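Data block below; observations after.
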There are 2 protein chains.
Amino acid sequence: MTTAELVLARCSELDAISASETWLERTHLTPEHRVANALAGNWMREAGLQVHQDAAGNICGRREGSTPGLPALLLGSHLDTVPDAGSFDGMLGVLMAIAVAERLRDTPLPFALEVIGFSDEEGSRFGKALLGSQAVAGTWDEDWWDLRDRDGITLHQAFLEFGLDPRRVGEAARRPEDLVGYLEAHIEQGPYLEAADASLGYVTTIAGARRFRLSVTGEARHAGGTPYERRRDALVGASEMIVAVERLAKAAGTIATVGRIEVQPGAVNVIPGRADLSLDLRAATDDERDRSWQEIERELLRICEERDLRLDAVETHNAPAAPCARWLTEAIIEGIHVFADDEPMGLWSRAGHDAMAVAAVTDIAMLFVRCHDGISHHPDEAVREVDVENGIDAFEHAVLAVASAHLARLG
Amino acid sequence: MTTAELVLARCSELDAISASETWLERTHLTPEHRVANALAGNWMREAGLQVHQDAAGNICGRREGSTPGLPALLLGSHLDTVPDAGSFDGMLGVLMAIAVAERLRDTPLPFALEVIGFSDEEGSRFGKALLGSQAVAGTWDEDWWDLRDRDGITLHQAFLEFGLDPRRVGEAARRPEDLVGYLEAHIEQGPYLEAADASLGYVTTIAGARRFRLSVTGEARHAGGTPYERRRDALVGASEMIVAVERLAKAAGTIATVGRIEVQPGAVNVIPGRADLSLDLRAATDDERDRSWQEIERELLRICEERDLRLDAVETHNAPAAPCARWLTEAIIEGIHVFADDEPMGLWSRAGHDAMAVAAVTDIAMLFVRCHDGISHHPDEAVREVDVENGIDAFEHAVLAVASAHLARLG
C-alpha cells in the first residue's frame, strides 16, 4: 500500500463517523468528534507521536526534536465538517501530516514536530468558525461561551458535556516562543490548479472574511386577508437583499454567500414576520472586503426603508487576511519542486483555514492539493491519488526544508 | 356577564392550550388538540348539546329539532391555529356558535342544530389545509395518509396516536340529505369592515386558493472557493423567484405568499444546493387564480434556465372558489339587520375557511366580524366586544331566519 493509498483509506474511515446516516456531518464537541479524535489519536500513536487531547478538544501528537523541549513545527488541519460534506476538506491535511510524521519518525529534526487535528474550523455548530485553532492561537474570546447551537445548547454546556473544563481552555494556547511555524496541507476548494493542470500549489495569502447574522423584521399577518399595501413581508425583503448581495459582490470582485435562511412563523398561509440569514463575505484584501460590506449594508438598509422593515446586523466573525510567511512558503515551494520542474503556482485562498487563526501566534504557510472541478463542501469532493502522493512527498520535503532554514535562521 | 364577555373569556381559556410557552400554537392531532376538544365539548354540553368527537377528530355537539332525526343546520369553525397565532381566527366562530345554541336551547327549530369545532383548517402541521372539514364533506383523499409533519410523522401515524382509526375516517362524512346548510362566523382577517366603519359583514364568495411546494435544486459548494461563474446557488435563485412572485401577483390582482423557506445544507460557508418553499395563491375567481399561476410558473422556469437550476413544483392544495348560497346569505343579512339599519357590506373572503370544504356537501354562508387593522395570524389579532355581541345577535337571528326560509322551502 502506498502512503497515498493509506491516507485515502483513512479518509474513508473518517467518512463513517457522521451524525447523519445519509450524509457526512461531524461537528464540534459531538459524539462524532470524540470518535474522530480517538481514531486520529491512534494513527498518531502508530506514527510514533505522543498523543493528547488539548483543553479545546483538539487532538495533538508530538515527537521531540534532537533535544527534548525544543520549539515545535506544527502541521495540521481540521477534523470537523460542514453538513453533507465531502471527505477531504480538513481531514486530508491532518492525515497527510500524520503520514509525514510517520515517514520522518527516525529523522533527527532541529525542532519538535507536532500534528494537530483541529476540533472546529467550519463553525457549523455554533456559527463561529475556527474555535479549535483560535484556542491554540490564544485568541479565545470569553463571549463565545454563550454561543448556542440549533438546539439552544451553549458552547459552555457543550464543553462540559464533552468532558472539557471551560475554565481551562487557556491551557490550549501556545506561546510564540514554543513554536517554529505552522504548515497546513489542504485541498484547493477552487478550480484554479485543475485549470492550470497542476497537481499542487502554494498559498500566498488567505482571504479576509467577515460573517454577519442578519435579522429582517417585518410583521406576520394572514396570507389571504392582508392586501399588498399593508404587508411588511420579511421574506420578500430578505429575498431582495440576497439578490442584491450577489449583484454588489460580483461588481466589487468580492465573494459573498448567504448560506442560511430561516423564517418565522414559517407557515404556508402566514406572511413571514421575520427572516434570519447568514452572510459570508471574502476578498483578497481587508480593504476590498470592508468596502464591499459598506456597499452591501447601504443597499440592505435602502430595501428596509422601502419596505418598512428593520435590519439588525451582528458581526459573528472577522478574520483579517492572513499572508503566508515568505520563509515557510519557500520551503513549500522547494517541496513541490521535488517532483515538478515548472514554477509552482501561487494562489490566494478564497476559503478560510485554521492557518489564518494560527497566524496570530506563529508564521504560517500552506500547500494546496488539486481537487476535482473545484467542488468542496459537497459529497462529490474528490482528489486524485497521484496528487495526494505528490502532496505527501512535497509536504515531507517542505518539513526538511524548514529544518534547514530554521538552522540557518538560528545562525 | 354578557354573552360576548363569556365568549371572549372562553377565547382566553383556549389561548392557554398551546404547544409553545411563548406563543399560541395548536395543531392537528396534538395533545393540545385533545385538550381543546375536551374543553369545547364541555361548553357544548353546558349549552344542552349531545357531544361526540367524530372519526376525523372534529368535536361535534347536536340538539334535535322539533322531531328527532331531522336534517341539521351546521354552525362551525375551527379550533386549530397557525404557529404564533392570534386568539380569534377559528375559535371565535366555534364559541359564537356554542353561544347561539345556548340561547336557542329551548326554541323549537324545524331542523337539528349542530355545532362543529373543526380539527384542522390551517394545515399548519401536515401542509394540507381543511383536513377536518374535508372529512365532514366526504372529500377525503386516501393519498393524504402519507403526508408528513416536520418530524416525519405521517398523518396515518398521527391518527393512530390520537386514538382515531384511519380506516373509519369515512364515518365523519355527512350525507347531503342529512344537512340543511352550514353557517360560519369568523373574523374578517382583512381591513375592509374597519375601513367602512362596519361591525359585521357577509361573505359573497370564498377565494379560490392553490398551494404549491416548490423545490429549487442547484449545487452545494464551498462558499469561498467557488467563483460566481461556477455557482448554481439555489437560494439566490429562490430569492429572485420570491421577488418575482410578488411583482407578478400584484400586477395580476391576485394574492401570492411564500410563507416557508428551507435551504440545504444550511451552513454559513456553503452555497445552498437546494431551497424548498411554499407558495399560497388566491384570487376572487378560479380563472384569475389559474392565469396568475401560469404567469408565475413561466417566470420561475425562466429564472431556473438562466441560473442552471431545476424547479419541481408539487401542488399540495387546490380549492375552487366557493360562492355562498343566496338563501343562507339572505338569512345572515337579516341577522345583521337586527341591529344595523344600513345595508350590510358584502365581501369576498381572501382567506380560506372550513365553509369552502363544507360547500362540497351542503349550502354555505358566512358572517364576518370586524377585526383590528386587518391583523390575523399574529398575536395582535383583536376584536371589539361590541362587535362580538352584535355578531352573536346577528348569528342567532340568522339561524331563526334560516328556520323560516327552510320551512318556506319545504312548502
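Some points to look at:
- Note on B:225-236: average number of Cβ atoms from other chains within 10 Å of each residue's Cβ is 6.
- Kirkwood hydrodynamic radius of segment A:208-319, from inverse mean 1/r over distinct Cα pairs, in Å: 14.3 Å
- What you get for the protein assembly as shown, charging only the Cβ of Lys and Arg (+1) and of Asp and Glu (-1), is a dipole of about 140 debye around the Cα centre.
- Counting only Cβ charges, +1 for Lys and Arg and -1 for Asp and Glu, the dipole size of segment A:208-319 around its Cα centre is about 240 debye.
- DSSP loop GluC sites (Glu not before Pro) with at most 15 other Cβ within 10 Å excluded, longest remaining stretch of chain A: A:65-411
- Between B:Thr81, B:Ala249, B:Phe159, the Cα set farthest toward the positive side of the dipole of chain B (charges on each charged residue's Cβ, about the Cα centre) is that of B:Phe159.
- Cα-projected label distance for B:Gln294 with B:Arg148, points at 7 Å along beta-carbon direction, nm: 3.5 nm
- CD proxy at 222 nm, helix term only [per DSSP H run n ≥ 4: -39500 (n - 2.57); per residue of the protein assembly as shown; nearest 500]: -11000 deg cm²/dmol
- The angle between the Cα long axis of helix B:234-252 and the main principal axis of chain B comes to about 50°, on a 0 to 90 degree scale.
- Evaluated with a Cβ-only charge set (Lys, Arg +1; Asp, Glu -1), segment B:273-403 carries a dipole of roughly 420 debye about its Cα centre, given to the nearest 20.
- Looking at segment A:70-121, the accessible area is 16 square angstrom per residue; that uses a 1.4 Å probe and ignores ligands, DNA and RNA.
- Å² per residue, accessible surface of segment B:354-411 at 1.4 Å: 33 Å²
- Here each label is just a point 7 Å from Cα along the line to Cβ, and for B:Arg103 and A:Thr22 those points are 5.3 nm apart.
- Buried on complex formation within segment B:267-287 (loss of at least 50 square angstrom of accessible surface versus the isolated chain, 1.4 Å probe, ligands and nucleic acids ignored): B:Val268, B:Asn269.
- When the residues B:Ser119, B:Ser18 are ordered by accessible surface, computed with a 1.4 Å probe over the protein chains alone, the sequence from largest down reads B:Ser18, B:Ser119.
- Segment B:1-70: trypsin sites (Lys or Arg not before Pro) in DSSP coil with no more than 12 other Cβ atoms inside 10 Å: none
- Percentage relative contact order, chain A, counting C-alpha pairs under 8 Å, at least six apart: 21 percent
- Volume of the convex hull of the protein assembly as shown (Cα atoms only), normalised per residue: 159 Å³.
- Charge dipole of segment B:305-350 about the Cα centre (unit charges at C-beta), most positive-ward option of B:Ala319, B:Met345, B:Gly335: B:Ala319
- Considering only chain B, percent of DSSP beta bridges that pair antiparallel, nearest 5: 65 percent
- Fully extended contour minus Cα-Cα distance, from A:Asp287 to A:His52, at 0.36 nm per residue: 80.6 nm
- Chain A: angle of helix A:385-410 to the longest principal axis, Cα-based, in degrees nearest 10: 70 degrees
- Between chain A and chain B, roughly 5500 Å² of accessible surface gets buried, counting both sides and using a 1.4 Å probe.
- With protein chains left intact and a 1.4 Å probe, residues in segment A:208-319 average 35 Å² of accessible area per residue.
- Threshold 30 Å², segment A:178-202 residues less accessible with all protein chains present than alone (1.4 Å probe): A:Gln189, A:Pro191
- For A:Leu309, the accessible surface of its heavy atoms amounts to roughly 20 Å² (probe 1.4 Å, protein chains only, rounded to the nearest 10).
- Comparing each chain alone with all protein chains together (probe 1.4 Å, DNA, RNA and ligands left out), the residues of segment B:345-394 losing at least 10 Å² of accessible area are B:Arg350, B:Ala351, B:Asp373, B:Gly374, B:Ile375, B:Ser376, B:His377, B:His378.
- Within the accessible area of chain B (1.4 Å probe), percent carbon and sulfur: 47 percent
- Beta bridges per DSSP with both ends in the protein assembly as shown, % antiparallel, nearest 5: 65 percent
- Residue among A:Leu235, A:Gln294, A:Ala223 farthest towards the positive dipole end of segment A:208-319, charges placed on Cβ: A:Ala223
The values are calculated or read from the model by the stated rules, or taken from the named source; none is laboratory data. Computed from a prediction, not measured in an experiment: that's the story for all the values here. Don't worry about glycine lacking a Cβ; one is built from the backbone with ideal geometry, like all the others, and counts go over all protein chains shown. We work out accessible area using only protein heavy atoms, side chains counted, and drop any ligands, DNA or RNA first. Shrake-Rupley method; radii C 1.70, N 1.55, O 1.52, S 1.80 Å.
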